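Encoded as structure tokens, the structure appears first; notes follow it.
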Amino acid sequence: MAMKWRRRQKLIYLAPLVLSVTILLAAILTLGGSPPQAADDSKGNLPTAFNVSHAKNTFETFLVAMEAQVDLGNGVVATAFTFNGIVPGPTINLKVGDKVVVHFTNHLSIPMSIHWHGVELTNRSDGTGITQDPVPTGGTYVYDFIVPRPGIFFFHSRIRPTNPEFKGFYGMLIVEDPTAKKLIEKKVLPDKEHTKLLVLGDTTVCKTQGSNDTATFPADPNVPWAGNANGAGPFPGGPAGNPPSPKDLCETPRDEHGHFVNPVVALPAGAIPNIQPSTNCGSAGEPTCPVGEGQLVKVNGRVPTARGGRPEDPGALAANPRVINVKTGEGIRLQVGSAATIRYFRLRLTCPTSAPCVPGRVDNMIPLYRVGGQGGLLDNVRLEGGTQGTLNTDYLEGEILIPVAAREDLVFVVPQVGLGDVLTLWTLDFKRTGQGFAKLPTVPVAHFKIVEVKDHPKFAINAGDPLRTHPAVNSPIASIKGGAPDALLDSSLFQPPQPGNPSSTIRLTAGVKPSINDDTNFIFDEGPTPPTPYTDVPHVAESRWAAVGDLLELTIFNDTNAHHPWHPHGFSIQPVKIIDAATSTTVLTFGYNEFVDVADLPPHSKLVYRVLLEDRPFSFISPTGGAVGRWAMHCHIFFHAALGMITELVATQ
Ligand SMILES: [Cu+2]
């Protein structure tokens, strides 16, 4: 009780500080002639959030939503939506069990929120249109929660998220795995100095009116987003024509709801266009529905340096390249997260030339080992890709697929190559869509330059190596795959009855629009007018109901031709298996335990997962909260969710 009182006192004292810090930040970050640099120079070190609390295990900070001019590199200056003036926003570094208090102020012209993606937090801090009212321009909201699980997480708006995230409104939240320190000591993992954060995204920036391109990816040897000159996707002639083009988006702009702006006023150079489709897209007088990937790949807020050639045969780097310096034989840990709205990143690390550089390999690939990601470290090191079970993953073993909103913790060993050589991490096209490849050019994501050659490798890693099962830590991930699961509640039996579906299978459909079981009615935070108060948002026929404490086994049936990154809020899941929907054959059994919050759903398949509806502390500042409440579940390709591929899990006492 004493602690609670002290907390309240402290927050009261902080109230004037919130205002002054907000004004100060806005002043610092909007004054001055030249635009500020993006958050970093693509070297994998990002600015961190400042902790104003001196209380033990407490992290208290301020985030301000604001427009800012951001230098994306290669001469591109964009007007971005930012947290505190930078893209990505400041990284929040935490330990398991930390209490987090974030004072959020919205200085953007449209309503915002913050969703703490993947964090199993108290319901009032989930940041969706069913847990809070949107924070209006000039408004504030205090988010508070405890982080119960390690992992790489991120934060973004969940009030009409498509446009804000495309414009740069995201940041990373990293909860250190408690076993990492010991594993670093044992040289199982690279140390902090050799750990780099790569925050991936993409965007489109308008050029001067009349000069925007009709092709989505114009060939230009000086910029890495260009098509043919720097290695197009697998399509001869390049991926031109994948709608909508920057010309469409910038010269016939849409408003934040996806409707054409009337009268038409082309966006100025540097503007980032709205890509959110209207709910009536495709009908007469409405823009088309498809929303292409952004024209520019961004890594830590910067467009990576261009490189000629292609992954199989890397060419010359552009002048004055931004590189991460490495030494041969070192282990490098990459913590990679995606804040893209649509794009799947398929990452491959390559040798300096077409010649193999890793002993035992006949190609020029350097394998990326997965040591963890969304739920902290794994029990054992994994190689992903290739054929897993009998599932063809459509990417090569040793590559890594980063679906929308996924995060992965990767390690590679710098091979014995020459001084000055450069390894490149590329993103290649992936068969994400119903038509196959997304028709995206292959471009670099990061470059690693050899600045010292050492004779003997000092770091080694192999698939199967123990991590959390290492004797030094002996802390394997708990399994929730055993035991009989509980049934969902039948809300038709409630007094009074509530809309809902007690089936444990949730079917993703794409008949008229992306939807759940062809029900496109549940659009709680992307529609033209999100209902307020948020408590008035109705439940729908596809709502699922369950009691806190229950162990559920849910099946997500992807009854469409495309991949969808499925994201249940509030409770991390453990994937059990993937079933081929046509033959009912299990094609992949997850033979290891991992907690995740985004799972890729291959086309025409069923993902079976377990989820334990664990309770958690109420909010420090509000008596409501805990695990009880409404938790969104949706495809994380936001425009799919916006059009109806979204529903909710209602957790009751
Ligand atoms: Cu989707």
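The values are calculated or read from the model by the stated rules, or taken from the named source; none is laboratory data. Owing to the predicted nature of the structure, the values given are computational and were not obtained by experimental measurement. Reconstructed Cβ throughout: ideal geometry from the backbone, glycine too, with neighbour counts over all protein chains shown. Only protein heavy atoms, including side chains, enter the accessible area calculation; ligands, DNA and RNA are left aside. Shrake-Rupley method; radii C 1.70, N 1.55, O 1.52, S 1.80 Å.
Say we look at the range 312-326 and pick out the residues that are free of Cβ contacts under 8 Å to residues at least 24 places away in the same chain and assigned to a loop (DSSP other than H, G, I, E, B); which of these is most open to solvent (accessible area, probe 1.4 Å)? Within the range 312-326, the match that is most open to solvent (accessible area, probe 1.4 Å) is N320. Residue check: V608 meets all listed conditions (1) closer than 15 Å to I506 by Cβ; (2) open to solvent by 10 Å² or more (accessible area, probe 1.4 Å); (3) more than 16 Å from the ligand (Cβ to nearest atom) but one, namely (2).
One residue stands out among those in the range 284-311 that are in a loop (DSSP other than H, G, I, E, B), more than 21 Å from the chain's Cα centre (by Cα) and closer than 16 Å to P444 by Cβ: the one that is modelled with the lowest pLDDT, which is A306.
Every residue, every condition in (1) touching a Pro at 6+ places or on another chain (Cβ under 9 Å); (2) at pLDDT below 95; (3) open to solvent by less than 70 Å² (accessible area, probe 1.4 Å); (4) among the hydroxyl-bearing types (S, T, Y), yes or no:
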site: L467; (1), (2), (3), (4): no, no, yes, no
site: P471; (1), (2), (3), (4): no, no, no, no
site: G511; (1), (2), (3), (4): no, yes, yes, no
site: D519; (1), (2), (3), (4): no, yes, yes, no
site: P531; (1), (2), (3), (4): yes, yes, yes, no
site: A541; (1), (2), (3), (4): yes, yes, yes, no
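Can you spot a residue in the range 611-618 that is within 16 Å of the ligand (Cβ to nearest atom), buried (at least 20 other Cβ atoms within 10 Å of the Cβ) and under 23 Å from the mean Cα position of the chain (by Cα)? No, there is no match, as no residue in the range 611-618 is within 16 Å of the ligand (Cβ to nearest atom), buried (at least 20 other Cβ atoms within 10 Å of the Cβ) and under 23 Å from the mean Cα position of the chain (by Cα). Looking for something small (G, A, S) and closer than 12 Å to E330 by Cα - is there at least one such residue anywhere in the range 432-454? No: zero hits. Filtering the range 420-441 to residues that are among the aromatic types (F, W, Y) and crowded, with 19+ Cβ neighbours inside 10 Å leaves W426, F430.
You will find that of G360, G309, the residue that is open to solvent by 10 Å² or more (accessible area, probe 1.4 Å), over 21 Å from L410 (Cα atoms) and among the small types (G, A, S) is G309 and no other.
Per the listing I110, I174, the residue uniquely of a type in the set (A, V, I, L, M) and closer than 29 Å to V548 by Cα is I174. Per the conditions (1) touching a residue at least 24 places away in the same chain (Cβ under 8 Å); (2) over 18 Å from the mean Cα position of the chain (by Cα), the sole criterion not satisfied by I646 is (2).
You will find that of F81, F145, the residue that is in contact with a helix residue (DSSP H, G or I) (Cβ under 6 Å, 6 or more places away or on another chain), of a type in the set (A, V, I, L, M, F, W, C) and either open to solvent by 10 Å² or more (accessible area, probe 1.4 Å) or not in a strand (DSSP E or B) (or both) is F81 and no other.
Away from the ligand (no atom under 16 Å from the Cβ) and not in a loop (DSSP other than H, G, I, E, B): does that describe P575? Answer is yes for this residue.
Residue by residue, here is whether (1) outside the structural domain of R370 (by TED's automatic domain parsing); (2) out of contact with any Asp or Glu (no Cβ under 6 Å at 6 or more places or on another chain); (3) more than 21 Å from Q388 (Cα to Cα) holds:
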{"position": "P403", "(1), (2), (3)": "no, no, no"}
{"position": "R407", "(1), (2), (3)": "no, yes, no"}
{"position": "L410", "(1), (2), (3)": "no, yes, no"}
{"position": "V413", "(1), (2), (3)": "no, yes, yes"}
{"position": "V417", "(1), (2), (3)": "no, yes, yes"}
{"position": "G420", "(1), (2), (3)": "no, yes, yes"}
{"position": "G434", "(1), (2), (3)": "no, yes, yes"}
{"position": "L440", "(1), (2), (3)": "no, no, yes"}
{"position": "V443", "(1), (2), (3)": "no, yes, yes"}
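Take the conditions (1) away from the ligand (no atom under 12 Å from the Cβ); (2) within 26 Å of R343 (Cβ to Cβ); L649 misses just one of them, which is (2). Note on the range 346-389: residues that are of a type in the set (A, V, I, L, M), touching a strand residue (DSSP E or B) at 6+ places or on another chain (Cβ under 9 Å) and free of Cβ contacts under 8 Å to residues at least 12 places away in the same chain total 0.
Going by the conditions given, is P273 assigned to a loop (DSSP other than H, G, I, E, B), touching a Leu at 6+ places or on another chain (Cβ under 6 Å), over 30 Å from K454 (Cβ atoms) and at pLDDT 90 or above? When the stated conditions are applied, P273 passes them. Close contacts from the range 574-588, counting a first residue that is in contact (Cβ under 8 Å) with a residue 12 or more places away in the chain and among the hydroxyl-bearing types (S, T, Y) and a second that is open to solvent by less than 70 Å² (accessible area, probe 1.4 Å) and not in a strand (DSSP E or B), with Cβ to Cβ under 9 Å and a gap of 6+ residues or different chains, come to T586/G389. Taking the residues in the range 401-417 that are within 19 Å of D191 (Cα to Cα) and of a type in the set (A, V, I, L, M, F, W, C) as candidates, determine which candidate is most open to solvent (accessible area, probe 1.4 Å). Step by step, filter the range 401-417, then rank; the result is V413.
Residues that are over 18 Å from L183 (Cβ atoms), part of a strand (DSSP E or B) and either open to solvent by 20 Å² or more (accessible area, probe 1.4 Å) or touching a helix residue (DSSP H, G or I) at 6+ places or on another chain (Cβ under 7 Å) (or both) within the range 376-400 comprise T387, Q388, L391, N392, E397, listed in sequence order.
Scanning the range 562-572 for residues that are within 11 Å of the ligand (Cβ to nearest atom) and either outside any strand (DSSP E or B) or open to solvent by 10 Å² or more (accessible area, probe 1.4 Å) (or both) turns up A562, H563.
The residue list A627, A642 contains one member that is among the small types (G, A, S), within 16 Å of the ligand (Cβ to nearest atom) and buried (at least 20 other Cβ atoms within 10 Å of the Cβ), which is A642.
Consider the range 591-605 and keep the residues that are within 16 Å of the ligand (Cβ to nearest atom) and within 20 Å of the chain's Cα centre (by Cα). The one that is nearest to R149 (Cα to Cα) is D597.
Checked against (1) open to solvent by 10 Å² or more (accessible area, probe 1.4 Å); (2) under 27 Å from H569 (Cβ atoms); (3) not β-branched (V, I, T), G372 meets all criteria but (1). Only one entry in G127, G97 is out of contact with any Asp or Glu (no Cβ under 9 Å at 6 or more places or on another chain), on the phi > 0 side of the Ramachandran plot and either of a type in the set (V, I, T) or surrounded by fewer than 23 Cβ atoms within 10 Å (Cβ to Cβ) (or both), namely G97.
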